[in-house]
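Have a look at the structure below, then the notes.
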Amino acid sequence: MEDLGAIVFLPREEDGSSLFLENILFDPAALWLSAALGRAGVSDFLVVSHPDDEDAARRCFPENTRFITSVAGHAGESLLSFLEGKNRVAVFTEPVFLSDEGARTLLGLTGDSLPRGEDSGTYTIPAAALRDAMERGEDFLPALRSGGSLFGVRPGLYEGLLPLDRCAPTWDSAQDFARYASITRLQSEFSTAPVRFLDKSQVYIGPLVTVGGGTVILPGTILRGRTAIGRGCEIGPNTMIRDCVIGDRVTVNASQLNESTVEDDTTVGPFAYVRPNCHVGRGVKVGDFVELKNSTIGDGTKISHLTYVGDTDAGAHINFGCGTVTVNYDGEKKFRTTIGDHAFIGCNTNLVAPVTVGEGAYTAAGSTITDNVPPQSLAIARDRQVVKKNWAAKRRKKS
C-alpha cells in the first residue's frame, strides 16, 4: 500500500482569523479535511500554522501529526524530513472543504483525472520530486506548482472540493456541501445495508461520525463529534447526539445525548436528556422527561418518565417510579446513590445521597430516603395520612 502524506498550511486572513479553523456544521474545516484524507488512506500529516493557532489545529488532526509554525527557522528541514519514504503527498496551501470523494480523486484512487479549473491551492505531487526540487534550492511553492498536479475548481460546480475563501462571509455553500458530503459518505460506506434518510436536507452529520448499516436517520437529527451509531438503529426525529457510542438496534427519539455510551436494544426518549459520563446498559428504557448525569444504568432497567438520575450507580432490572429524584447535591458537594439489582423505587421517591438501596428492596411512593435500605426490605419515609372530616365545609361556611 502506498505511503501517503499530506502537508496542510493554515493561512491567516487579514483580520487574523483562519478559515481552516472556522466551523462548518459544528466542526472546523481542518477536521473535515483530515477526516476525509484519513479515510482515503493518508496516514501522516504535517501542518504549518501560526503559533497562536497551533492548539486549535492540534484538535483537528491525528495525534501523530507534526506541527511547525510559519515563523520557524527549521521549516525547510522539517518539510524535507517529512517527505522521506513517502510515495505521494497532498498539499493544501489555501483553505478548502474536501469531501471523501474529493480526497479519493485527489490521491488518484478513483482512476479519474483531477478536475481542471481555477487554482484552489490544492495539489498532489510525488514526494521524491518535491524533495529533489527543494534540495536543489527551489522554493517550496514554485516547485509544487511546476511538478505537482492541481485540483482545479470551476465556479458553481461541486466536484469534491470547495475553496472556503469564496464562501465567506455567509458560508451557505460550504454548509450545504458539508451536509451533502457527509450523507453521501455514509450511504457509500454501507452499500449492502445502507443508512436510510427520510429527508436528507434535515440531517447534519459531522466528519468523524460513523453510522451502521440499516440505521434510519429521521429529520432534525444532528450527529456531532466522535459519535458512533450501531446497526439497525432509529435516530430522530429532532435528536442531537454528541461524542457518544450507540449500540445496535437502539431508538433515540427527540432527545439529546452527550459524551455517553448506550448499549444494544435500548430506547431513549422522547424528550430525554443524557448528560456526560453515562453508561446505559442493554434493553434499558429511558423515557420522557428523564435526565441522566454521570451515572451507570444496568441492563433491563426502566426509567419511564419524569425522573432525575444523577451521580448514581443503578443495577439491572430496576423500576424507577415516576417523579423519582436522586438528591445528589447539598449546595457544596456532589454525592452518589447506589441502587441494587431488581430494586423497585416508588413514585415520587427522593433518594438523598449518599445512600444505598439494597438488591430487591422497595421504597414506598412519596418517601424521602435518607438512610440505607437493606436488601429485600421496604422503606417508608412519610407521615401517616390524617383526615379531618367536614373541615372544608366548615371553612367555606366561616368565610
Scanning the range 115-145 for residues that are open to solvent by 30 Å² or more (accessible area, probe 1.4 Å) and either within 20 Å of I24 (Cβ to Cβ) or under 32 Å from the mean Cα position of the chain (by Cα) (or both) gives none
A careful count of residues in the range 43-85 that are in contact with a helix residue (DSSP H, G or I) (Cβ under 8 Å, 6 or more places away or on another chain) and in a strand (DSSP E or B) gives 10
Flagged in the range 96-114 as β-branched (V, I, T) and open to solvent by less than 20 Å² (accessible area, probe 1.4 Å), in numbering order, are V96, T105
Here the residues within the range 238-289 that are under 17 Å from L306 (Cβ atoms) and basic (K, R) are R275, K285
Within the range 296-307, residues being part of a loop (DSSP other than H, G, I, E, B) and of a type in the set (D, E, K, R) number 1
The one condition T93 fails out of (1) under 24 Å from the mean Cα position of the chain (by Cα); (2) crowded, with 19+ Cβ neighbours inside 10 Å; (3) among the polar types (S, T, N, Q); (4) within 21 Å of T124 (Cβ to Cβ) is (1)
Here the residues within the range 149-184 that are β-branched (V, I, T), under 26 Å from the mean Cα position of the chain (by Cα) and at pLDDT 80 or above are I183, T184
Here the residues within the range 1-56 that are touching a Phe, Trp or Tyr at 6+ places or on another chain (Cβ under 7 Å) and of a type in the set (D, E, K, R) are E54
Among residues of the range 17-31 being touching a residue at least 24 places away in the same chain (Cβ under 8 Å) and assigned to a loop (DSSP other than H, G, I, E, B), the residue nearest to A174 (Cα to Cα) is L25
Query raised in the report: Is there a residue in the range 296-313 that is surrounded by fewer than 19 Cβ atoms within 10 Å (Cβ to Cβ) and within 22 Å of the chain's Cα centre (by Cα)?
Result: yes
Out of all the residues in the range 79-86, is one or more modelled with pLDDT under 90, open to solvent by 10 Å² or more (accessible area, probe 1.4 Å) and over 35 Å from the mean Cα position of the chain (by Cα)?
yes
Looking across the range 22-74 at residues that are polar (S, T, N, Q) and closer than 30 Å to S188 by Cα, the single one that is surrounded by the most Cβ atoms within 10 Å (Cβ to Cβ) is S34
Of (1) under 23 Å from V252 (Cβ atoms); (2) in contact (Cβ under 8 Å) with a residue 24 or more places away in the chain; (3) out of contact with any strand residue (DSSP E or B) (no Cβ under 8 Å at 6 or more places or on another chain), G283 fails just (2)
The residue that is nearest to F335 (Cα to Cα), considering only those in the range 264-295 that are open to solvent by less than 20 Å² (accessible area, probe 1.4 Å) and part of a strand (DSSP E or B), is L292
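The values are calculated or read from the model by the stated rules, or taken from the named source; none is laboratory data. Computed from a predicted model, the values in this text were never measured in an experiment. We place every Cβ from the backbone using ideal geometry, glycine too, and count neighbours over all the protein chains shown. Note: areas computed on protein heavy atoms with side chains; ligands, DNA, RNA excluded. Shrake-Rupley method; radii C 1.70, N 1.55, O 1.52, S 1.80 Å.
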